[in-house]
Each structure stands twice: as structure tokens, then as C-alpha cells.
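Sharing a structure with you now.
Every number in this text was worked out from the coordinates using simple rules, so none of it is lab data. Note that the coordinates shown come from a computational prediction; the quantities given were computed from them, not determined experimentally. Don't worry about glycine lacking a Cβ; one is built from the backbone with ideal geometry, like all the others, and counts go over all protein chains shown.
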Amino acid sequence: MYKATTILLLSIAMTIFLCCTSCNEHKTTSAIDDWENMSNKDDGDDNTDSSDSTDLDTKSHFNIRGIVARWSDVSNPAKIDYIQIAKDNGINTFSIHNADRNSLVWQNFAEKCEEANIDIEYQEHMLAYVLPRDLFAEHPEYFRMNKNGVRVNDANGCPSSKGALAEIHRNAIEIARNYEPTNNRYYFWLDDGGDICYCDECENYNASDQALIFENEIINALKEINPDALLAHLCYHNTVDAPSIIKPSEDIFLEFAPFTRSWNAPLSQTWVKASGSSLSHGDYLKALKDNLKIFPTETAQVLEYWMDVSLFSGWDPGNLVKIPWDNSIFLDDINTYASLGIKNITCYTAYVGPDYVNKFGDISFLEEYGQGLLNYKSK
Ligand SMILES: [Zn+2]
């Protein structure tokens, strides 16, 4: 009897101990710890992706949770420590403008990103670099014809020019060798706001078709140096409409950037049209759906502006404006994107740097952004 009682008491004590340990773990483990420790868990949840339980991202709907920033925004960790913010909140991709990539400080930054499993990529308007403007004197036929029938070198080029495509092919390889992303995702966007070619051979191509002719050439070039390369087709400005004739190479992914939407209302309010915009939220969503009929959904990506201080400040760093961040709008938007199958989201944080911290202090939107994407569950 004594022995049985002792065993019973020991058993109860062990149960209480185990329970307390478990409760303790539960109480002290944050969502962030859950994310960081995910590789040690095998909790048999209902995740349908059984491919690799060690993948930190298997629990998040969103594979890419990125930001697009300037080097001056991210290079002063004493003021704003982007790497720590990313680690704490599940942000896993940085696109960085204007870093001196030969500097020690950059190399140190890149190493820390690698240790934190943060990918580095380079999102940029590139046509002027792969088709240098100074070729115009010798080869005006490489460049676009304006609506008056005159060749001009103000932007982009003539995608029907074999010579232009050869030049673009050669230069894309050269540039890609110097700007190697860690996630195989390359960006050679058309010139920002640039018009297209109206020559006889191009007249049936819309802007997205013309972009795709360049992009199909560029992805072929990139494959010569990186068989895993993927290339963005930026759906933005005059390329919002889906291509009508040209088909994308299978390794071109859609990048949807709703530049003139309103950030004061979610995209799900389809009737909203921002002041000065020709497109309502409904128009943008229709364009996204149309594009997703042509580009793969799995690799498609959204480039948003919820945290783009440069946009809200009119690109004047001397007149920084507090961003109109509204977490409920952001969460509604990512639900809209997820409902269309989007799994990759990145957002400008240009001008969210040391000066922004000095002026406004609060940068908790970066945490809400990362956590919102990390913890998103489809409704
Ligand atoms: Zn043309």
C-alpha cells in the first residue's frame, strides 16, 4: 500500500512538473521564438506542406517577406537595426539600393544577413544600363520611335531591333555578374515612367509585350551564368495591363506594384480610386488577375508601398512625412493578395532610416509588417 501510494504521489508530482514545464514554455515562448525554433518542432499540425519540416518558412503562407530600402536607411544599426528587426519579425529578404559593395561595412552587413538567413537582392530600373543611351549616335535604330515617328533615346528602346537585343543580352550578363542576388531573383525593370516604341514593327505590342521581349532576352542571358535565375516582369505604370501577344519565359515572374492605389483604404474596397489615379482598386485587382492568367502564380510577387516614406514625402528627404500606416488595412490587403494565391510580398521602406527615427521615433510598423506576413493564416 505504502509502495503504491508512493508511486501514485511520484506520478502526480511528475505530471505536475511536466505540466508546469510545458505551461512555462508556453508562457515564455513568443511567436518570434516559435518561428526561430520551428526547425526543432514536429507538432503534427495541419500544414499541408510536408516537404521539409526543417524549413523555417513552412508555416508562413508568405515565402518572401521583404523590404526594399536604400543603403543609407539600413547602414546605421545604432539608430535603426534592420537586421535585428528582420530577425525578430520574420522579414527574410532585403533589396538594397546604392551600397558600395566593395566596402568592408557592406561585406559585414551581407555576412550578418547571411547568418540571419536574410536574402539580398537588387530591385532597380535597368533598361538605361543594359541599353546605354550613348549608343544612340551610332545606332538610333536600337531606340524607341516616338508617336511623331522620330527615334529618341529618352527611355527604353525598340524591342524589334535585333541589335538592341544583342546589346541588352551582353550587358545583362555583365551587370548580373556584379549584382548577384542570394535568392536567384533578378530585376531589370524598364526605365521608370518611360514610354514605349511606336515603330511599325512594334505597333501591335502593348507596353507589357515590349517589356517581355526585353525580359525574354535578359532571362536567356542570365541563364548562361545562373541556371536557377528568375527575372521580374514589373506590372506597374504603363505595364499594368497584361501582355497581349508575347508569352513570358517560364522563369519570368510577375511583380505587381500598385503605385497609384490609395493606402487609406484596403484594396478590397474596390470602388476606391486615389486622387489623381486613373485606376480604382477594382481596376488594379482585375489587372492582377489578368496577369496571373499569363504568369505563374507560385512565383508571383507583390511590391507594395505601405511603408514607402519616399513616396509619401514626395521623394524629398528634407521633408520626411509620417507614413499613413494602418495595420488593419495592411492585414486586409495581404488577405486579398493571399486569396489570389500570392505568396511573395515585398515593400518599400525607402527613407525609413536614421532621419525618420530622429524625427518620428516610432517604427513599430516594421514589426507589424513582419509579424503580419509571418503569422498570416488564410481566412
Ligand atoms: Zn520598335
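Which whole-angstrom value gives the distance between the alpha carbon centres of the stretch 100-117 and the stretch 302-379?
If we compute the Cα centre of each part, the gap is 24 Å.
Which of the lysines could a cross-linker bridge to LYS322, judged by Cα under 26 Å and excluding same-chain residues fewer than eight apart?
LYS79, LYS87, LYS273, LYS359
Normalised by the residues of the stretch 142-221, what does the relative contact order come to in percent, with Cα pairs under 8 Å and at least six apart?
41 percent
Which FRET efficiency, nearest 0.05, do THR270 and SER378 yield, Cβ-Cβ r, R0 25 Å?
0.80
Can you spot the lysines whose alpha carbon is less than 17 Å from LYS343's alpha carbon? Ignore those fewer than 8 places along the same chain.
LYS59, LYS289, LYS293, LYS377, LYS379
Pull out the extension gain between LYS162 and VAL321, defined as 0.36 nm times the separation in residues minus the alpha carbon to alpha carbon distance; nm, one decimal.
52.7 nm
Moving on. Going by average Cβ density within 10 Å per residue, which order do the peptides 226-234, 201-209, 301-309 take, highest to lowest?
301-309, 226-234, 201-209
Turning to a different aspect of this structure: Residue by residue, what Karplus-based ³J(HN,Hα) values in Hz, rounded to whole numbers, does the stretch 191-203 have, using 6.51, -1.76 and 1.60 with θ = phi - 60° and x for Gly and Pro?
4, 5, x, x, 7, 10, 8, 10, 6, 4, 6, 9, 5
Also, I was wondering about something else. How are the alpha carbon pair distances in the stretch 269-325 distributed across 10 Å bins from zero to the largest one, expressed in percent?
Answer for the stretch 269-325: a P(r) of 20, 35, 33, 12, 0 percent.
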